[in-house]
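Peer 1: What follows is a structure written as structure tokens; I'll ask about it next.
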Amino acid sequence: MEDNLKKINEGFSGATKNFFNLNFIKKDQDKFIFSCSFPDACANPMGFVQGGMISAVLDDATSIAMISSYENKKAPLTTDLHVLFHRPLDVDEAKIEVSLIKMGNRSATAEGRIFNKSNKLAATLLHTAQPVDAPSQ
């Protein structure tokens, strides 16, 4: 599975993945660890990362983990995203941890958590999707 993540990390060049400089770092037990960095364009009027930007990077990270778990044969067609914001996130580097909850034939669920530079939890995303055949590359 880690080889699949590396392939996706190197081969997937989606605009949002590149915008957030989202990179797979490693798989640590059952967690997929990613790094990301937010450009200044992500700032809200208070100077923190805008909530939609946090949601977008967590959507990408959980999607990459799901695709990898399906060995690149299935892709998540999102049915819903639930986001909890715990504290403001500075426009800077952050760490993301993704846990796969359920990877079935009809539905998939993953949890993504984003941490600030002090390793404090900033937001949690619950991502539910319908696995569909991956588009041919």
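Peer 1: State which residue is modelled with the highest pLDDT when the search covers only region 123-137 and only residues that are of a type in the set (S, T, N, Q) and part of a loop (DSSP other than H, G, I, E, B).
Peer 2: Result: 136.
Peer 1: Pairs, please: C-beta under 6 Å, at least 6 apart or cross-chain, first residue closer than 20 Å to residue 90 by Cβ and touching a residue at least 24 places away in the same chain (Cβ under 8 Å) and in region 50-65, second crowded, with 22+ Cβ neighbours inside 10 Å and among the charged types (D, E, K, R)?
Peer 2: Going by the 6 Å Cβ cut-off, there are no qualifying pairs.
Peer 1: Go through (1) in contact with an Asp or Glu (Cβ under 9 Å, 6 or more places away or on another chain); (2) at pLDDT below 95; (3) crowded, with 18+ Cβ neighbours inside 10 Å one by one and return the number of the condition residue 5 breaks.
Peer 2: Result: residue 5 fails condition (1) only.
Peer 1: Also: Go through 98, 83 for me and flag whichever is at pLDDT 95 or above, touching a Gly at 6+ places or on another chain (Cβ under 9 Å) and buried (at least 19 other Cβ atoms within 10 Å of the Cβ).
Peer 2: That would be 98, the only listed residue that is at pLDDT 95 or above, touching a Gly at 6+ places or on another chain (Cβ under 9 Å) and buried (at least 19 other Cβ atoms within 10 Å of the Cβ).
Peer 1: Can you list residue pairs whose Cβ atoms sit under 7 Å apart, with the first residue in region 113-126 being within 14 Å of residue 34 (Cα to Cα) and the second being hydroxyl-bearing (Ser, Thr, Tyr) and modelled with pLDDT of 95 or more? Count only pairs 6 or more apart in sequence or on different chains.
Peer 2: 113/124
Peer 1: Restricting the search to region 15-40, which residues are assigned to a helix (DSSP H, G or I) and either touching a residue at least 12 places away in the same chain (Cβ under 8 Å) or under 10 Å from the mean Cα position of the chain (by Cα) (or both)? Quick ask: steps written out before the conclusion?
Peer 2: Start the filter on region 15-40 by keeping residues that are assigned to a helix (DSSP H, G or I), which leaves 15-19, 40.
The answer is 16, 17, 19, 40.
The values are calculated or read from the model by the stated rules, or taken from the named source; none is laboratory data. Owing to the predicted nature of the structure, the values given are computational and were not obtained by experimental measurement. Cβ: placed from backbone, ideal geometry, glycine included. Neighbour counts: every protein chain shown.
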